[in-house]
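Quick note: the coordinates plus some simple rules give every number you see, no bench work behind them. What you see is a predicted model, and the numbers here were worked out from it, not measured in a lab. When we count neighbours, we look across all protein chains shown, and the Cβ atoms used for this are built from the backbone with ideal geometry, even at glycine.
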Amino acid sequence: MTDVSTAEDKRLVIVRPVCELQGRTARMEEVLSSTVDRLRSEGVQVTVVAMASELQRISLAGEHVLFAICLSEAGVNMEYYRLLEYFRQHPDCLEGAVGGIIVDGSSELFTKALARRLAFSANMAGCLFPGKPLVEATGSLHNFDVLSMVRDVPSMEVYKQQVEELARKLIDFKWPQGEERLRVLAVHASSRGTSNTLLLWDKVRSYLEDRADITEISLRNGSMIDCRGCRYEECLHFGENDGCFYGGIMTEQVYPAIINCDALVMICPNYNDAIGANLTAFINRLTAIFRTHDFSKKRIYALVVSGYSGSDIVAEQVIGAINFNKAFIMPGHFCLTETAHEPRSILKVPDIDRKAARFAQIIR
């Protein structure tokens, strides 16, 4: 562990699991060095952690943590898995931490999947992720092509800029200040007669109602049309008017509620190890108003119930879509996951009332 300290008020911990294939690390080392040098010159205290075993003697709780993962030619980093193991064995080790992620890959594959898995595991250990907390560098850097064109700089320079911007976002992060009474939007597409996930939400809601104004919208009524991929200019035009070409419940109910809310709760049964079709359409069609409204102070929470297994897969889809893409803040412990197959069997889960009450406290 390397420690550089010149100021106590601003700190950054870089967790950089050692990559055993040394020839792959040069690019990320160059990018990180550029950011660290600037931060040092401004008096920011920087700590670098390379091994999961080092976390036995230092605490990440309450810190600003930048996870920087370099992948081998096969898209693997073995120390990364030891890091996940540590987080899962110590479920509060990142309580109060604010995190961001860099993944440097050798191909066009594996970077985002690995980042989602890291974000889920770290979040379960208490780490908050601000909106858009991921900088991914594919092997070719083609994923920076659009920004390279917009900023008129080479892709490698965009990579450096993105990493520095992310580091500063973590260091400067502050919890958004809003109205005294929380405004919550809950969306679902489930049948109230059979859905264990909705029953779980009803319990959470009962513990939340005394301090929140709650809007609940069902997307089940058959009028939900998915995004058809309008041209950017057309989507932007409708978004500027808080609308969408396809209209319906999204423009009539969902867009006004999203714009007004402080927190979004997605009620997500596990359908074939995926978010259901109507909720997927909901995510896709947020793009129109995402282009014209700032979502970076809004928070995302989720309830995921699986009949057999796989709740983590669904939760990671919410992370990728709403936190990575749509820029919602993901507070620590953002998702309550349970397993219940038969209708109403969620009510038989041990300690379900205590779990629902605790999750309601997390929503803020």
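Taking packing as the residue-averaged number of other Cβ atoms within 10 angstrom, the listed peptides 270-283, 47-60 run from highest to lowest as 270-283, 47-60. A Gaussian network model of the chain, with springs between Cα atoms under 10 Å, assigns the largest mean-square fluctuation among Ile214, Ile102, Ile69 to Ile214.
What angle, in degrees between 0 and 90 and rounded to the nearest 10, separates the Cα long axis of helix 196-208 from the longest principal axis of the Cα atoms of the chain? Roughly 80 degrees between the two axes. Close amide H contacts of Val349 (hydrogens built in the peptide plane, cut-off under 5 Å, sequence separation of 5 or more or a different chain): none are found. Compared with the dominant principal axis of the Cα atoms in the chain, helix 155-172 is inclined by about 70°. Within the straight-line cut-off of under 30 Å between alpha carbons, the lysines reachable from Lys169 are Lys10, Lys112, Lys132, Lys160, Lys297, Lys298, Lys326, sequence neighbours fewer than 8 places apart in one chain being disregarded.
Couplings 3J(HN,Hα) for the range 278-291, derived from phi with the Karplus relation 6.51 cos²θ - 1.76 cosθ + 1.60 (θ = phi - 60°), are 5, 5, 5, 4, 4, 4, 4, 7, 5, 4, 4, 8, 5, 5 Hz, where x marks Gly and Pro. A cut-off under 15 angstrom between Cβ atoms defines the neighbours of Ala327, and their net charge, with Lys, Arg +1 and Asp, Glu -1, is +4. Helix-only arithmetic for the chain: the sum of -39500 (n - 2.57) across DSSP H runs with n ≥ 4, divided by the residue total, places the mean residue ellipticity at 222 nm at -10500 deg cm²/dmol.
Bridge orientation summary for the chain: considering DSSP beta bridges with both residues in this region, about 10 percent are antiparallel.
Amide hydrogen proximity for Gly99: with H placed 1.01 Å from N in the peptide plane, the residues at 5 or more positions away or on another chain lying under 5 Å are Val65, Leu128, Phe129.
Could you work out how far apart the two model spin labels at Arg354 and Gln253 are, taking each label as a point 7 Å from the Cα in the direction of the beta carbon, and quote it in nm? Each label point lies 7 Å from its Cα, and together they span 3.6 nm.
The angle separating the long axis of helix 352-362 from the principal Cα axis of greatest extent in the chain is about 60 degrees. The antiparallel fraction among DSSP beta bridges confined to the range 237-350 stands at about 5%. Relative contact order of the chain, taken over Cα pairs closer than 8 Å and 6 or more residues apart, is 16 percent. Straightening the chain between Ser345 and Asp37 buys 105.3 nm, computed as 0.36 nm per residue apart minus the Cα-Cα spacing. Residues whose amide H falls under 5 Å from that of Ile69, counting only those 5 or more places apart or on a different chain, are Ile102, Val103, Asp104, with hydrogens built in the peptide plane. By the beta-carbon count within 10 Å of each Cβ, the least crowded to most crowded order of Val305, Val13, Val146, fewest first, is Val146, Val13, Val305.
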